[in-house]
Amino acid sequence: MNPPDEPVFNEPWEAQAFAMAVSLEAKGLFTWTEWAEALGREIKMQGTRSYYECWLAALEKLVEEKRLMSADERLARIEAWDRAAKATPHGKPIELGR
Amino acid sequence: MPHDHDHDHDEGSELSPIALRVKALESLLVEKGYVEPEALDTLIETYETKIGPRNGARVVAKAWSDPKYKAWLLADATAAIASLGYTGRQGEHMVTVENTPGTHNLVVCTLCSCYPWSVLGLPPVWYKAPPYRSRAVIDPRGVLAEFGLTLPDDTAISVWDSTAEIRYLVLPMRPQGTEGWSAEKLSQLVTRDSMIGTGIALKPGATS
């Protein structure tokens, strides 16, 4: 039988993380073999992380390996978004300060 | 994105740590020109609404009703599936494995979650979970039993381990009592699980 399925994505960030990986591969920035290896490595040490948490971790490592961005750049950007979010009143779109 | 917000705070907004990581990655990739936001949205919409097991069901139903198409599907699944308009963005090589009274096929990805997206959409949670990935190879009969599928003892089970390059589609056996059915009607008997091998096609009368 076909029980009703879970939604394709449980949260918006899962969809974004999914689409980024598919998009980067489509542009030839890495191959599916490289992606499967990166994701496989994360899943092997999955622990309590969800599938898409592993997906995101694999993506973060692969973009660094492929020199699309550095870890420093990425971590600084995370902090910038955190500051921007905290400075944004509810209901307003969160935007990075320039 | 309502899930990104934490509404426990009176002042300011807060993004979850994981939402922050995703936003950081995305904004950098967009700035550097590696991805376009519109392309990401289109991709998400496609996978949420347009690509799913109904694609695969149409492939299977056509193979059941058209012997020439079936021969093509078994010889060159990538081309036969693409002829119906279902092409993998990933350009993966598709292989169709046919169930017979003597052999039942079961598909798994032991490494991660490789899956024939173009015909089945994105994989269900259990397909990506460790118990299925580890046990499908070691104890396929036990796994099938948990899915409520008990095969005759003399039916052999072939397990196919998907990779980034090769994705498998199971061609289930056409149920008896469906002579003269249209492909459209037949496709309603083809479940997602029957194309992974954790189920078989529905019997006539089992659909509403």
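A 1.4 Å probe, protein heavy atoms only, puts the accessible area of A:Lys92 near 120 Å².
Only protein atoms count toward the accessible area here, which uses a 1.4 Å probe; on segment A:12-67, the carbon and sulfur part of that area reaches 49 percent.
For chain A, the solvent-accessible area with a 1.4 angstrom probe is 52 square angstrom per residue. Interface residues of segment B:113-137, defined as a loss of at least 10 Å² in heavy-atom accessible area between the chain alone and the complex of all protein chains with a 1.4 Å probe, are B:Ser113, B:Trp117, B:Leu122, B:Pro124, B:Val125, B:Lys128, B:Pro130, B:Arg133. For the protein assembly as shown, what percent of Cα pairs sit more than 28 Å apart? Tail of P(r) above 28 Å: 45 percent of Cα pairs. Note on chain A: GNM, Cα springs under 10 Å; of A:Ala21, A:Ala38, A:Ala76, the largest mean-square fluctuation is that of A:Ala76. Restricting to the protein assembly as shown, what percent of DSSP beta bridges are antiparallel, rounded to 5? DSSP beta bridges in the protein assembly as shown are roughly 10 percent antiparallel.
Counting only the Cα atoms, segment B:10-107 fills a convex hull of 177 Å³ per residue. Between B:Ala156 and A:Glu64, the modelled labels are 4.7 nm apart [label points 7 Å from Cα along Cα→Cβ]. Shown for segment B:52-196: the carbon plus sulfur share of the solvent-accessible area, taken with all protein chains present and a 1.4 angstrom probe, equals 57%. What does the C-alpha gyration tensor say about the overall shape of chain A? Classify as rounded when a/c is under 1.5, otherwise prolate if a/b is larger than b/c, or oblate. It comes out oblate by the Cα gyration axes. The Rg/Rh ratio of segment A:12-67, with Rg taken over Cα atoms and Rh as the Kirkwood radius over Cα pairs, comes to 0.95.
Ordering A:Arg49, B:Arg133 by accessible surface, largest first, gives A:Arg49, B:Arg133; the 1.4 Å probe counts only protein heavy atoms, with every chain in place. Neighbouring Cβ atoms from other chains, within 10 Å of the Cβ of residues in B:33-39, number 4 on average. Within chain B, antiparallel bridges make up roughly 10 percent of the DSSP beta bridges whose residues both belong there.
B:Met173 contributes an accessible area of around 90 Å² to the protein surface, as traced by a 1.4 Å probe with all chains present.
How big a patch of accessible area, both sides summed and in Å² to the nearest 100, lies buried between A and B at a 1.4 Å probe?
Numbers: alone 7670 and 12220 Å², together 14750 Å².
Summing both sides, the interface buries roughly 5100 Å².
Please compute, for peptide B:48-61, the average count of beta-carbon atoms on other protein chains lying within 10 Å of each residue's beta-carbon. Kindly include the intermediate steps, with their values, before the conclusion.
Working: counts 4, 1, 0, 1, 2, 2, 0, 0, 0, 0, 0, 0, 0, 0.
What the average comes to for B:48-61 is 1.
Kirkwood hydrodynamic radius, segment B:52-196, all distinct C-alpha pairs: what's the number in Å?
On the way: mean 1/r = 0.0648 Å⁻¹.
Value: 15.4 Å, from the Cα pair sum.
Over segment B:52-196, average the accessible area per residue using a 1.4 Å probe and give it in Å², no decimals.
Numbers: 6140 Å² over 145 residues.
On a per-residue basis, segment B:52-196 sits at 42 Å².
With a threshold of 28 Å on the Cα-Cα distance, the over-threshold entries among A:Lys27/A:Lys61; A:Lys86/B:Lys50; B:Lys70/B:Lys185; A:Lys27/B:Lys70; B:Lys128/B:Lys185; A:Lys44/A:Lys86 are A:Lys86/B:Lys50; A:Lys27/B:Lys70; B:Lys128/B:Lys185; A:Lys44/A:Lys86.
The values are calculated or read from the model by the stated rules, or taken from the named source; none is laboratory data. All of these numbers come straight from a predicted model, not from anything done at the bench. Cβ coordinates were reconstructed from backbone atoms using ideal geometry, including for glycine residues, and neighbour counts include every protein chain displayed. All accessible areas refer to the heavy atoms of the entire protein, side chains included, with ligands and DNA or RNA removed. Shrake-Rupley method; radii C 1.70, N 1.55, O 1.52, S 1.80 Å.
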